[in-house]
Amino acid sequence: MEVGTVGGHGVVWDGDLDVVGESGAYGGFDADVGLQARHDQPRPVELDADSEPLAELAGLLSRLNGFYLGNAGVQIFRAGDPGVGPELQTWNAAHTWKHTYHGLADNLFCFGQDLFGVQFAIEDRRRVVAFDPETAHRDPLGDTLHDWAA
């Protein structure tokens, strides 16, 4: 089912996110906030307006498409190429890593990770969770990205 666009290209959600698009970029680091990102012209990223956490993520990625926070302690993935870090479509594809969890990582749309590999994800398109890669345990973090960031 199509849920939005990235840079004018269709985004499809069927357990995976399929993104096609490009943007030119260059790197940068803001020492005041510990933010490292590729800075380029903002490009629209839309990921389903009826899901609050996906809409928030789309707005964030429209401004900064892939970045690091806190001296690279947290990484937010990018939508499309090029950008910083893993690409959302590839990272969320079952064959990339999720298949090794035999269903325990299903219904997760991972948008970032911490330095230990704990995945930050949107579960069932409605809430934000942390997914521990060692135990497959999910910790609810809130209903919005604002809750997750707090």
note = For residue 135 and residue 102, extending 7 Å from Cα along the Cα-Cβ vector and measuring point to point gives, in nm, a value of 1.9 nm
key: Label-point separation in nm, residue 63 to residue 124, each point 7 Å along Cα→Cβ   = 3.0 nm
remark   = Residues 118, 45, 129 in order from fewest to most other beta-carbon atoms within 10 Å are 118, 129, 45
ask   = So for the pair residue 115, residue 94, with labels modelled 7 Å out along Cα→Cβ, what separation do we get in nm?
value = 3.5 nm
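FYI, it's all coordinate maths here, none of it is from the lab. Note that this is a predicted model, so its numbers are computed, not measured. So basically every Cβ, Gly included, is an ideal-geometry build from the backbone, and we count neighbours across all protein chains shown.
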